[in-house]
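Asker: Here you go, one structure.
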Amino acid sequence: MPKALQRLSEKLNRLPGIGKRTAERLSMALLDWPEEQLVALGEDLQKLRRQIRPCNCCGNYSEQELCPICSSANRQQNLICVVENASQIAVIEGSNAYRGMYHVLGGKLSPLNGKGPADLRIRELRERLQNSLITELIIATSPDLEGEATAHFLAEEFRGMPILISRIASGIPAGADLSYADAATLNLALNGRRKLNEFP
Ligand SMILES: [Zn+2]
């Protein structure tokens, strides 16, 4: 394989879900694209870092200070769904199961990987809970050990606040990553959420 194709394949191979063979097929498929589309793709890639940054409020991917969800007037402003990373927002949005707000934690508690509460956006979440009229916090961390531990940590952390804290149901298979759940599963998980605290 020519060096240029090989270099591109190696990069595509680093993407989630793209194996070595798929990466090679994608590289060769790109060879068939017209020149101007390849240039446009290159420009899009260059803009990724420069134009997309975390939303100042929720941490979602955004081109503005506030992401389209935080700046929308058509969302349920009293609900916050806590997710591990911004890509999970896109998954939940795709399911059409939820119309509230979000908060990106930036991971989950993971003592083995040296990730503690101070490494997550918990302080920012507390500020939002204190400064706005939130009635329910839905914790949608992954249903694995670390995701569960994170959910319970948050429930404990915000105990005493006048907020219902709930956890998405286990419609998502234990140990699975929320990012790969389909719309029907996410609907079940969100609608079947259970309370983590005794409020109200
Ligand atoms: Zn936002």
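Asker: Between Leu45 and Glu10, what length comes free when the chain is fully extended (0.36 nm per residue of separation minus the Cα-Cα distance, one decimal in nm)?
Answerer: Difference between extended and current length: 11.0 nm.
Asker: At R0 = 35 Å, how high is the FRET efficiency between Ile52 and His152 if r is their beta carbon distance? Nearest 0.05 is fine.
Answerer: Step by step, r from the Cβ atoms, then E = 0.60.
Asker: Would you mind calculating the gained length between Thr22 and Ala183 on full extension (0.36 nm times residue separation, minus the Cα-Cα distance), in nm to one decimal?
Answerer: Gain in length upon complete extension: 55.4 nm.
Asker: Mind giving me the nanometre distance, one decimal, between the label points for Trp33 and Arg99, set 7 Å out from Cα along Cα→Cβ?
Answerer: Inter-label distance under the simple model: 3.7 nm.
Asker: Under a 5 Å amide H to amide H cut-off, with H placed in plane at 1.01 Å, what residues pair with Ile165 once short-range neighbours are removed?
Answerer: Leu137, Leu196, Asn197, Phe199
Asker: Considering only Lys115, Lys20, Lys47, give the residue with the highest GNM mean-square fluctuation for the chain, with springs between Cα atoms whenever their separation is below 10 Å.
Answerer: Comparing Lys115, Lys20, Lys47 in a Gaussian network model of the chain, the most mobile one is Lys20.
Asker: Additional query: Do any of Lys11/Lys115; Lys3/Lys108; Lys11/Lys108 go past 32 Å between their Cα atoms, and which? List each step's numbers first, then the result.
Answerer: Numbers: Lys11/Lys115 27 Å; Lys3/Lys108 39 Å; Lys11/Lys108 27 Å.
With Cα atoms farther than 32 Å apart: Lys3/Lys108.
Asker: Just flag the chymotrypsin sites (Phe, Trp or Tyr not before Pro) in the stretch 67-172 sitting in loop per DSSP whose Cβ has no more than 16 other Cβ atoms within 10 Å.
Answerer: Passing sites in the stretch 67-172 do not exist.
Asker: Could you identify which residue out of Gly147, Gly100, Gly114 has the top mean-square fluctuation in a GNM of the chain using Cα springs shorter than 10 Å?
Answerer: Greatest mean-square fluctuation among the candidates belongs to Gly114.
Asker: Considering only DSSP beta bridges with both partners in the chain, what is the antiparallel share in %, to the nearest 5?
Answerer: In the chain, approximately 30 percent of DSSP beta bridges are antiparallel ones.
Asker: Moving to a separate point now. I'd like to compare 58-71, 5-18: which one has the highest average count of other Cβ atoms within 10 Å, and what's the full order after that?
Answerer: Ranked from most to least packed, the peptides come out as 58-71, 5-18.
Asker: Let me ask something else about it. Please name whichever of Leu31, His103, Gln64 sits farthest to the positive end of the charge dipole of the chain, dipole taken about the Cα centre and charges placed at Cβ: Lys and Arg +1, Asp and Glu -1.
Answerer: After comparing all options, I get His103.
Values in this text are rule-based calculations from the coordinates and carry no lab data. These numbers come from a predicted model, not from an experiment. Reconstructed Cβ throughout: ideal geometry from the backbone, glycine too, with neighbour counts over all protein chains shown.
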